[in-house]
Amino acid sequence: MSLITKSDFPALVDFTTNTTDAAIDFQIDRAINFDFKPLVDIDLFLALKSFAAVTYATWAVGTPYITNDKKIYASKYYIALQNSTGQQPDISPLYWKEIELSILWKTYLVPYLVLSAYIRHLVKLGANATQFGLVQNREDTSEPVSGQRRSEILGAENSIMETYKTELFKYLSEKNYTFDTIKYDSVCLPKRSGGFNIRAI
């Protein structure tokens, strides 16, 4: 699973799910790999990708759980701190803790990436690369917005995206780039021999 999918868009932007997967997935890939990946430690990037790729089972009241079990409850991700049965994760802090990497991902990273991919999508919208160069689609019942209006829309969306980006990096700073007892490098530098270090606390 990607860090974001098309299903994340409608809650954050004016987006039709009739958009083809291929069209939006291309922009999602670019937002992830060109707008976010270069800004963070590669180990943090890979940890977020790994977290997003896992499908977590939903917590169930009658099921016994053991330490380090990971479950989802009320759209939040939890890890078991000790063995339990019937201890509801959101109200049982002695038994369950929300996974910090999930907060970073769902609360801060998803909105930033959605806006980033959406802006890329808006820029490309209606323009197609062909063997004859760039062409623009036209329909009998509608016409493209003016260049000025398009610029206004992009400017407004970019402002929102920058706000999400600021909140994301503010949160990273507040957490001192430490999630679930793992300290990540705060600045992404060119890859060193031996790679980036993850330091357990």
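Loop only per DSSP, at most 13 neighbouring Cβ atoms within 10 Å: give me the chymotrypsin sites (Phe, Trp or Tyr not before Pro) in region 33-64, ordered by residue number.
In loop regions of region 33-64 (DSSP not H, G, I, E or B), there are no sparsely surrounded chymotrypsin sites (Phe, Trp or Tyr not before Pro).
Can you bin every Cα-Cα distance in region 4-120 into 10 Å intervals starting at zero and give me the percent of pairs per bin, rounded to whole numbers?
Values per bin, smallest distances first: 13, 37, 28, 18, 4.
Take each of the peptides 156-167, 111-122, average the number of other beta-carbon atoms within 10 Å over its residues, and list them starting from the highest.
Ranked from most to least packed, the peptides come out as 111-122, 156-167.
Over region 34-105, what is the relative contact order in whole percent, taking alpha-carbon pairs under 8 Å and six or more residues apart?
Computed over region 34-105, the figure is 24 percent.
Output the peptides 64-75, 175-186, 15-26 sorted from most to least packed, where packing is the average of other Cβ atoms within 10 Å over each peptide's residues.
Going by the mean number of other Cβ atoms within 10 Å, highest first, we get 175-186, 64-75, 15-26.
Just to confirm a number: summing +1 for Lys and Arg and -1 for Asp and Glu over residues other than residue 89 whose beta-carbon lies under 10 angstrom from that of residue 89, what do you get?
Around residue 89, the surrounding residues sum to +1.
Rule-based calculations on the coordinates, nothing more; no lab input. In this text, all values refer to a predicted model and were calculated from it rather than measured experimentally. Don't worry about glycine lacking a Cβ; one is built from the backbone with ideal geometry, like all the others, and counts go over all protein chains shown.
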